[in-house]
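Heads up: the structure comes next, in structure tokens.
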Amino acid sequence: MVKQYNFDNSIGYKVYRTSRAFQKAFDLELRKNLSLTLSQWRLINILISFNGITQKEIADKLELEAPSLIPMIDKLQSLELVERRPDPKDRRINRIYLTKKAESLYESMHECGLSIIKSATKGIDQDQLNIVTKYLDMIVYNLINIYNLDKFNQEQITTSTTVYKKSKKF
């Protein structure tokens with residue numbers, strides 16, 4: 001007899017659904033308030049910490065193929081949020097930089113994120129949130145260490161949050 005597995009009630013599925021709901025809500029908030037998509041925000045957020053990296057490096061950090069990034073960079077360039085500059089050592093390579101216009105949006109992007117967190121955590125007290133955060137951190141730590149996963153995503157999130165908290169600018 002095959003044992004039934006309650007997939008809908010598993011921790012992995014609940015974390016996945018929560019993550020997807022956060023992403024969809026954040027995308028809606030960004031579109032409504034800044035006319036940006038979540039994907040565009042992700043690219044800008046990477047450049048906040050690693051301004052001037054190559055398209056290939058951005059693609060690696062986003063876990064995308066470099067060619068699929070071209071239309072997004074084109075769109076952000078047409079919105080005057082990023083600019084391409086030739087690499088001084090290899091003119092075949094373009095480096096991607098944030099513009100002053102993109103820098104001016106960071107506070108508003110941060111406010112969109114805070115709005116989503118406020119909505120998502122409505123009715124949950126801070127002590128409970130601290131417990132949830134503690135255990136989610138433990139789960140991430142376990143998975144990174146047991147499966148030797150790339151730590152970039154966690155480091156990148158921490159770095160950009162620290163940049164904002166320390167300077168409130170780039």
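Computed values, structure above
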item: Identified option (computed Rg and Dmax of the Cα atoms in Å; candidates (i) 20.2, 62; (ii) 24.6, 82; (iii) 18.5, 66); result: (iii)
item: Rounded FRET efficiency, nearest 0.05, which uses the C-beta distance separating residue 4 from residue 125 and R0 of 35 Å; result: 0.50
item: Part-to-part distance (alpha-carbon centres) for region 13-50 and region 84-118, which is given in Å; result: 14 Å
item: Per-residue [θ]222 nm for the chain (sum of -39500 (n - 2.57) over DSSP H runs n ≥ 4, rounded to 500); result: -23000 deg cm²/dmol
item: Area accessible to solvent at residue 60, 1.4 Å probe radius, in Å²; result: 80 Å²
item: Which listed pairs, of 14/122; 32/101; 56/101; 24/100; 75/101; 61/118, have C-alpha distances above 21 Å, in listed order; result: 56/101; 24/100; 61/118
item: Charge sum, other residues only, whose C-beta stays under 14 Å from residue 128's C-beta, Lys/Arg counted +1 and Asp/Glu -1; result: 0
item: Added length on full extension, which subtracts the Cα-Cα distance from 0.36 nm per residue, residue 14 to residue 144; result: 44.9 nm
item: Förster radius 22 Å - calculated FRET efficiency between residue 24 and residue 110, Cβ distance, rounded to 0.05; result: 0.70
item: Region 1-97, dipole about Cα centre (Lys/Arg Cβ +1, Asp/Glu Cβ -1), debye to the nearest 20; result: 140 debye
item: Packing-based order for 115-121, 83-89, using average beta carbon neighbours within 10 Å, highest first; result: 115-121, 83-89
item: Assigned charges on the beta-carbon of Lys, Arg, Asp, Glu; the chain dipole about Cα centre (debye); result: 220 debye
item: Solvent-accessible area per residue, Å², over the chain with all protein chains present [probe radius 1.4 Å]; result: 72 Å²
item: Unit charges at the beta carbon, dipole of the chain: most positive-side option, 94, 119, 148; result: 94
item: Helix 126-147 axis, angle to the chain major axis (alpha carbon atoms, nearest 10°); result: 80 degrees
item: Accessible-area composition of the chain, carbon plus sulfur, in percent [1.4 Å probe]; result: 55 percent
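The values are calculated or read from the model by the stated rules, or taken from the named source; none is laboratory data. Quick caveat, the model's predicted, so the values are computed rather than measured. Here Cβ is always computed from backbone atoms with ideal geometry, including for glycine, and neighbour counts include all displayed protein chains. Heavy atoms of the whole protein, side chains included, go into the accessibility calculation; ligands, DNA and RNA do not. Shrake-Rupley method; radii C 1.70, N 1.55, O 1.52, S 1.80 Å.
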